[in-house]
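Have a look at the structure below, then the notes.
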Amino acid sequence: MSKKGILIIGAGGVSRVATVKCAMNINTFEKITLASRTISKCEIIKNEIKNNQKINIDIACVDANNIDELVKLIKKINPKLVLNLALPYQDLIIMDACIKTNVHYIDTANYEHKDEVKFEYKEQWAKNQAFKDAKIIGLLGSGFDPGVTGVFCAYAQQNLFDSIEYIDIMDCNDGNNGYAFATNFNPEINLREVSSNGKYWENGSWIETKPLEIKIEHDYPEIGIRSSYLLYHEELESLSKNIKGLKRIRFFMTFSDSYISHMNCLQNVGMLGIKEINHKGQKIIPMEFLSTLLPDPASLGEKTIGKTNIGCIIEGFKEGIRKKVYIYNTCDHQECYKETKAQGVSYTTGVPAMIGAKLLYTQKWKNTGVFNIEEFEANIFMDELMTQGLPWKILQLPI
Ligand code: NDP
């Protein structure tokens, strides 16, 4: 029987948006199955889609840490592709399940070890030959960053520049959710990212900084000047390989003073620890416990107001003339909520996840092996962004 439909794994904030958007593109995807560990979360999303769009999606319960369960589910559903919107800890197992069942794979975040911060692609890239042998694609990082930022860089390389020397990825979330401290996507992954050492790539080497050591003031279109901190972000690893002639690539993200002082305090008292500790005879991981206490990012939609502005400042040469552009998207949290009942960070991740899936499903992006998003033709993705809810603009910047 030929493969049909999409299987989405995970039912958090990002998955909610991707599932709603897949339903809006049901003519492409034909059939949608949403599977996660907590079936009640799938049920809520299913019922909303049924009420609003009159589209029935299937749901299932799966523990994506268990390869046998996953393979059984994939074989039963027989989808054309699996969209992994669970957590980065599950990436390798879901990839292996896709290899065993010859089904395309997409995710939005690189594999992470549960008890060690790495943020690197090595283990996923190592599956390239197995994906080729299974005649399937593994599309890594089809969210916003990584994801759309890679597409913006590829678009610039393919259309705007003969050579690119400098890239700064700028991520501003100017939203306010009313909480003293809350993360806009999975707390464990968010806090690992922000509290780790910073790192950027220059002239072929990695330069490491202390966490949040480098701060600049940057003027974001449609938002204004905001303090932005240099972080290591996983797309730096693939873009430094895939953008030819690059001299430097960095990543900056905005944080409020309140976010930083809460995070520092939590770190100082050991609440960001990712190793098991003994608490009154019970083994707990402090970061997991903290994650339980913090607001669920999927629940922040209604309260969050303000905008996001994420994009790439790209500098290089075209026909011998130096030029600099900012390619970006601005998203309004409340507009995202109206459409999907999710806040802007889930929205800006879930929409590109659906677009990546659409391009593989329709074979507009074809190949075998494991790829980062910037390795594909960008224009077609850029066209989809315009019509699927994430329109982009290009600003010419002074040199
Ligand atoms: P959430 O924590 O809201 O949702 C994660 C979902 O995965 C939950 O439904 C959870 O189920 C499910 N899950 C966790 N473990 C398993 C498992 N073993 N088996 C099955 N399901 C499981 O996260 P977000 O929606 O905020 O983020 C989803 C992904 O998107 C993350 O990998 C995150 O890093 C990534 N991301 C990427 C961005 C980008 O721009 N590229 C930006 C933001 C996020 P349960 O409810 O039972 O715990």
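Bear in mind these aren't lab numbers, they're just calculated from the coordinates by the rules spelled out. Since this is a predicted model, take the numbers as computed values, not measurements. Note: ideal-geometry Cβ built from the backbone for every residue, glycine included; neighbour counts use all protein chains shown.
Summary of computed values
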| read-out | value |
| --- | --- |
| Label-point separation in nm, Glu48 to Glu302, each point 7 Å along Cα→Cβ | 1.1 nm |
| Dipole in debye (nearest 20) - the chain, about Cα centre, beta carbon charges: Lys, Arg +1; Asp, Glu -1 | 1060 debye |
| Fully extended contour minus Cα-Cα distance, from Leu160 to Lys318, at 0.36 nm per residue | 56.2 nm |
| Extension gain (nm, one decimal) between Glu335 and His113, 0.36 nm per residue minus Cα-Cα | 76.4 nm |
| Distance-filtered residues of region 1-40 - backbone nitrogen under 19 Å, label point 7 angstrom along Glu123 Cα→Cβ | 10 |
| Segment Met271-Ile39, length gained on full extension (0.36 nm per residue, minus Cα span) | 80.6 nm |
| Summed side-chain charge close to Thr330 - residues other than Thr330 whose Cβ falls under 11 Å, Lys, Arg +1, Asp, Glu -1 | -2 |
| The chain - mean residue ellipticity at 222 nm from DSSP helices (-39,500 (n - 2.57) per run, n ≥ 4, rounded to 500) | -10500 deg cm²/dmol |
| Paramagnetic label zone (point 7 Å from Cα along Cα-to-C-beta, Leu293; backbone N under 12 Å) in region 157-199 | 181 |
| Filter on Lys100/Lys393; Lys135/Lys247; Lys31/Lys132; Lys41/Lys72 - keep pairs with C-alpha separation over 31 Å | Lys100/Lys393; Lys135/Lys247 |
| Pair Tyr179, Lys4: separation of 7 Å Cα→Cβ label points (nm) | 4.1 nm |
| Hz values of 3J(HN,Hα) by residue in region 344-350 - Karplus curve (6.51, -1.76, 1.60), Gly and Pro given as x | x, 6, 5, 5, 5, 8, x |
| DSSP-loop GluC sites (Glu not before Pro) across region 316-365, with at most 11 other Cβ within 10 angstrom | Glu319 |
| Cα-Cα over 21 Å, subset of Lys215/Lys303; Lys244/Lys323; Lys122/Lys241; Lys4/Lys366 | Lys215/Lys303 |
| Global form of region 59-155, assessed from the alpha-carbon gyration tensor, a/c cut-off 1.5 | prolate |
| Region 148-340 - charge dipole about Cα centre, Lys and Arg +1 at Cβ, Asp and Glu -1, debye rounded to 20 | 420 debye |
| Phi-based couplings in Hz for region 148-156 (Karplus 6.51, -1.76, 1.60; Gly and Pro marked x) | 4, 4, x, 5, 4, 5, 5, 4, 5 |
| Summed side-chain charge close to Trp392 - residues other than Trp392 whose Cβ falls under 13 Å, Lys, Arg +1, Asp, Glu -1 | -2 |
| Cα-based shape type of the chain, given that a ≥ b ≥ c are square roots of the gyration tensor eigenvalues and the cut on a/c is 1.5 | rounded |
| Label-point separation, Lys76 to Lys244 (7 Å along Cα→Cβ), nm | 4.8 nm |
| Dipole of region 148-340, positive direction: furthest Cα of Gln282, Trp201, Asn242, with charges on the beta-carbon | Trp201 |
| Estimated vicinal HN-Hα couplings, Hz - region 179-188 in sequence order (Karplus 6.51, -1.76, 1.60; Gly, Pro = x) | 8, 5, 8, 7, 9, 8, 9, 2, x, 4 |
| Amide H partners (placed H, <5 Å) of Leu34, local residues excluded | Ile8, Asp58, Ile59, Ala60 |
| Whole-Å semi-axes of region 109-217's equivalent ellipsoid (Cα gyration tensor) | 26, 22, 17 |
